[in-house]
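The next block holds one structure in the form of structure tokens; read it before the comments.
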Amino acid sequence: MSARIERVGIVAKRGLAASDHLSRLATWLRERRVEAVFETDTATLAGGAARGSRSMAREELPHAVDLVIVLGGDGTLLAMAERIAAAGRDIPILGVNFGSLGFLTEIRIDELYSSLEQVLDGTADLDVRAVLTADARRDGERFDSRTVLNDVVFTKGALSRMIQLSVSVSGGFVTRVKADGLIVASATGSTAYNLSAGGPIVHPAVDALILTPIAPHTLTHRPIVIPGDSIVEVAPQIDEETFVTFDGQSGFPLKPGDVVSVRKSERSLRLVKAPARSYFELLREKLKWGER
């Protein structure tokens, strides 16, 4: 990192009992003449520690800071990643894990200040992660566009027994998936819902997309890894309620005839890496990978 960090946005998971950590973090930054800017709900959690500091909504925060610190879990980081992309900014995220898993918020609380020191002095290692763009079209007109880090997921509604999806890749028809759903994941998202659904773990440096059926009704439907420059088009085929969700953060129902296209975005996300831990160490730590 070469750009000087002058303002740091601080975002904590809603309801997180972290007022002491927020207070210490704000003091640490001020002592180094770095402005702490609190997300609105996080300022409430911080209490007196946020007094005298600016606070603003999550949507506004990426426009005003040079770095975002996320305290919580992967869901909180994903929500901020979406807002950074929407703001058109290229600012890094430092994720501090307060949960039990956390593949994205990989820095432990005891590593926070050493990692921050490296960020401020320009020696921190950054993980550059590919993000996905999803465009939804109805009657040939785009009506929604999102940027996601992990996945775009198609699932059945509460009363649907099965959905049927037509899947094409880069203009060529691939298959019709009869299943409870379908996941289109990035390599980063391979350890999220994709993993729970039986999809493969893909190293985040691999330029790839992953298609994983959820509880397919045909045994021959298996997950597949495709080139990262592919454009995946998914369209519901039967008059059953189908939902599309983005990184598990938001979504909406689809109608037959709608088409959602997913491709790698021109943008990327920069994550501050955990000190001296490789991706495979994270797998062993988080998943007990290879231990049983």
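Since every read-out is calculated from the coordinates, none of them should be taken as a lab result. All figures in this text were calculated on a predicted structure; none of them were measured in a lab. Cβ: placed from backbone, ideal geometry, glycine included. Neighbour counts: every protein chain shown.
Specify whether the C-alpha gyration tensor of segment 38-104 places it in the rounded, prolate or oblate class, a ≥ b ≥ c being the square roots of the eigenvalues: rounded for a/c under 1.5, otherwise prolate if a/b is larger than b/c and oblate if not.
Oblate.
Nearest 20 debye, what's the magnitude of the dipole of segment 1-123 about its Cα centre given +1 on Lys and Arg Cβ and -1 on Asp and Glu Cβ?
That gives segment 1-123 a dipole magnitude of about 320 debye.
Report, in degrees rounded to the nearest 10, the 0 to 90 angle that the Cα long axis of helix 112-121 makes with the longest principal axis of the chain.
Between the helix axis and the principal axis of the chain, the angle is about 80 degrees.
Sort segment 218-264 into rounded, prolate or oblate with this rule: let a ≥ b ≥ c be the square roots of the eigenvalues of the Cα gyration tensor; rounded if a/c is under 1.5, and if a/c is not under 1.5, prolate when a/b is larger than b/c, oblate otherwise.
Since a/c reaches 1.5 but b/c is at least a/b, the shape of segment 218-264 is classed as oblate.
Could you list, bin by bin from short to long, the percent of Cα-Cα pairs of segment 131-267 in 5 Å steps?
2, 11, 23, 26, 23, 11, 3, 0
Quick one: MET80, MET56, fewest Cβ neighbours within 10 Å first, how do they rank?
MET56, MET80
Scan around GLY102 for amide H atoms under 5 Å from its own, H built in the peptide plane at 1.01 Å from N, and keep only partners 5 or more places away or cross-chain.
Residues meeting the amide H criterion: ASP74.
Could you give the nm distance between label points at ASP229 and GLU117, where each point is 7 Å from its Cα heading toward the beta carbon?
4.4
Run the numbers for ALA17 and GLU285: contour at 0.36 nm per residue of separation, minus the present Cα-Cα distance, in nm.
Contour length minus the Cα-Cα distance gives 94.1 nm.
Taking a ≥ b ≥ c as the square roots of the Cα gyration tensor eigenvalues, with a/c under 1.5 meaning rounded and otherwise prolate when a/b beats b/c, else oblate, which class fits segment 13-127?
rounded
How much length is gained on full extension from ARG32 to ARG176, taking 0.36 nm per residue of separation minus their Cα-Cα distance?
Gain on extension, ARG32 to ARG176, equals 46.1 nm.
Between ALA3 and HIS203, what length in nm is gained on full extension when 0.36 nm per residue of separation is reduced by their alpha carbon distance?
Contour length minus the Cα-Cα distance gives 69.2 nm.
In 10 Å bins starting at 0, how do the alpha-carbon pair distances of the chain split up by percent?
Final binned percentages: 6, 28, 31, 22, 11, 2, 0.
Can you tell me the dipole magnitude for the chain around its Cα centre, using point charges on the Cβ only (Lys, Arg +1; Asp, Glu -1), in Debye to the nearest 20?
Here the size comes out at about 260 debye.
Which residue fluctuates most in the GNM of the chain (Cα springs below 10 Å): VAL262, VAL11, VAL206?
Highest fluctuation of the listed residues: VAL206.
For segment 35-58 and segment 90-128, compute the distance between their C-alpha centroids and round to whole Å.
Segment 35-58 and segment 90-128 have Cα centres separated by 20 Å.
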